[in-house]
Structure formats: C-alpha cells, structure tokens
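Notes follow once the structure below has been shown.
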Amino acid sequence: MVRRAPGYPAVMSEERPGAAEWVPERLSLTALREAVQDCRGCELYRDATQGVMGAGRRTARLMVLGEQPGDHEDQEGEPFVGPAGKVLDRALADAGIDPDDVFRTNVVKHFRWSGTRGKQRLHKSPSRAQVAACAPWLAAELQLIRPTGVVLLGGTAGKAVYGSSFTVGDTRGRLATWPDDFVVGRPPAWVLATTHPSAVLRADDRQAAYEDLVADLAVAARELG
C-alpha cells in the first residue's frame, strides 16, 4: 500500500507519522469508517469533529475524489452533504450518471478550518504534508472499491494522485491513465479531472461554471457506458 502521495514529501515525524498504521489489514467499508476515527496520522484530527471516510456502494464503478470534508461533512460524518455536495449530485444526474454507481470520497479525511463566519467554520486547504499523511486511506479505498474510473474534483485531488505539478486547467475534461507511482492492486482504467463543485458556488457566472462541470462529467458517463 502506498505510504505517500506521488510527488509529495515523505511523512515521517512525531506530529505527522502518516496514516498507514491505522489502516486495518482486512478492508471493508465498515472497518475503514471505524478505523479512521482513531487516526493520528497528522494533526488535523485535533480540531475535527470526526474522520469522514468515503460513502457509496462497494461495487460502484466510479469514484469521485474531492479535497476534504467541509463544515457540514465534519458534523454529519458523511462526504459531500453540504452545498457543494448538492451541486455535485445535480451535476452527476444531469450528466447521466447513476448516483448508486458512485463512491464519493476525499483525499483528506479530517476537516481543516481556520476561523468562523457566524456559526460556520471556514475551510482551509490541507497542506502537502497533510495530504501525504492521509494517502494510505485513499489507497485503501481504491483497493476496496476498485473503481473503473476516477473523477478528480479540483487541484488538491489531482496533486494527490499525480503529484505537485498537476493543474486542473491543463487536463480537465480529458481521459488520462492512472499514474504508475501510485500503486494499487487494480488501477482504475481511466481518470478524468474537473473543477470542484465548490468552484461553481464561487463563480461569477454560476450557470456557465455548472454547465462546464456537467460537460466534464458527461465524458465520464460515456466512458462508463
């Protein structure tokens, strides 16, 4: 099982030992969800309510991979249940992708935040070292689900898979191959990058941004058949 994300620094320190030692040997969705609650692979567990593992059917053919849980996800313990998740659900449906055929997860399993706006805690992107520390959880999910394809939602997800030189703008909407240096038992047959649905909510022209997201997801839908 991979111990770090490709192109990211190795993670071996007292504060960030990496998640590998908390990943159970016998993989199941239940085992992963239980084990992530004990994870001390990096410091993010200290300020998060709980670890948030991926959700979906064990037999899902598509994995959508985002950055990290948000405020809603951290409180509810499920991925993509906040405003961005609602955008994603609508976009998947409009692209013709069966929601039951999707496993939703994030690169980082604990919510990183900084400050508040009213009662809402404000998202702060995870550091490269935190992404690297969490990589064994993603490797375990990939080993268990064995998706046919993976959709990368945003730059953090892309860098976790392809390394720090990845940019969404260079690759979005086009099928790519799984990188050789992110070793999993059965690599996905293809990967497709697009923007994170939260970018739609921040866009000046939300409708255009949403339509672009749907168009990218439609490429994945056609590949799934």
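Every residue in the stretch 52-92 that is β-branched (V, I, T) and closer than 19 Å to A221 by Cα, please.
Hits for the stretch 52-92 are T59, V64, V87.
Please list, ordered by first then second residue, the pairs with beta carbon atoms under 8 Å, 6 or more apart or interchain, first in the stretch 12-26 and within 12 Å of R40 (Cβ to Cβ), second aromatic (F, W, Y).
Within 8 Å, the pairs are A19/W137.
Taking the conditions exactly as written (more than 17 Å from V107 (Cβ to Cβ), of a type in the set (K, R) and modelled with pLDDT of 95 or more), does R33 satisfy them or not?
Numbers: more than 17 Å from V107 (Cβ to Cβ): no; of a type in the set (K, R): yes; modelled with pLDDT of 95 or more: yes.
In short, no.
For the stretch 193-208, name all the residues that are within 20 Å of the chain's Cα centre (by Cα) and over 20 Å from A176 (Cα atoms). Give the steps one after another, and end with the answer.
Kept after step one, since they are within 20 Å of the chain's Cα centre (by Cα), are these residues of the stretch 193-208: 193-202.
Result: P197, S198, A199, V200, L201, R202.
Considering the stretch 46-70 alone, what residues qualify as being β-branched (V, I, T) and under 16 Å from the mean Cα position of the chain (by Cα)? Spell out the reasoning first.
Going through the stretch 46-70, the residues β-branched (V, I, T) turn out to be 49, 52, 59, 64.
Hits for the stretch 46-70 are V52, V64.
Name every residue in the stretch 147-168 that is touching a strand residue (DSSP E or B) at 6+ places or on another chain (Cβ under 7 Å), of a type in the set (G, A, S) and in a loop (DSSP other than H, G, I, E, B), in order of residue number.
Listed by number, the list holds a single entry, G154.
Answer yes if at least one residue in the stretch 166-173 is surrounded by 20 or more Cβ atoms within 10 Å (Cβ to Cβ) and modelled with pLDDT of 95 or more, and no otherwise.
Of the residues in the stretch 166-173, the ones surrounded by 20 or more Cβ atoms within 10 Å (Cβ to Cβ) are 166, 168.
Then keep just the ones that are modelled with pLDDT of 95 or more; that gives 166, 168.
Scanning the stretch 166-173, I find at least one residue that is surrounded by 20 or more Cβ atoms within 10 Å (Cβ to Cβ) and modelled with pLDDT of 95 or more, so the answer is yes.
If only one of G82, G54, G96 is crowded, with 24+ Cβ neighbours inside 10 Å and under 22 Å from V200 (Cβ atoms), which one is it?
Residue meeting the stated conditions: G54.
Residues that are farther than 20 Å from K109 by Cβ and either modelled with pLDDT under 95 or touching a helix residue (DSSP H, G or I) at 6+ places or on another chain (Cβ under 9 Å) (or both): does the stretch 150-161 have at least one? Even if it seems obvious, please write down each step before you answer.
Keep residues of the stretch 150-161 that are farther than 20 Å from K109 by Cβ, which gives none.
No; the residues of the stretch 150-161 include none that is farther than 20 Å from K109 by Cβ and either modelled with pLDDT under 95 or touching a helix residue (DSSP H, G or I) at 6+ places or on another chain (Cβ under 9 Å) (or both).
Look at the stretch 57-79 and say how many of its residues are of a type in the set (V, I, T) and buried (at least 18 other Cβ atoms within 10 Å of the Cβ).
Initially, the stretch 57-79 is screened for residues of a type in the set (V, I, T), giving 59, 64.
Pick out the ones that are also buried (at least 18 other Cβ atoms within 10 Å of the Cβ) and you get 64.
Going through the stretch 57-79 one residue at a time, the tally reaches 1.
Can you find a residue that is touching a strand residue (DSSP E or B) at 6+ places or on another chain (Cβ under 9 Å), part of a helix (DSSP H, G or I) and under 19 Å from A129 (Cα atoms) anywhere in the stretch 169-182?
No, that holds for no residue.
Check the stretch 177-193 and report whether any residue there is modelled with pLDDT under 95, buried (at least 20 other Cβ atoms within 10 Å of the Cβ) and closer than 25 Å to P136 by Cβ.
Checking the stretch 177-193: at least one residue is modelled with pLDDT under 95, buried (at least 20 other Cβ atoms within 10 Å of the Cβ) and closer than 25 Å to P136 by Cβ.
The values are calculated or read from the model by the stated rules, or taken from the named source; none is laboratory data. On a predicted model such as this, the values are computed, not experimentally measured, just so you know. Positions of Cβ are generated from backbone atoms using ideal geometry, with glycine treated the same way; all protein chains shown enter the neighbour counts.
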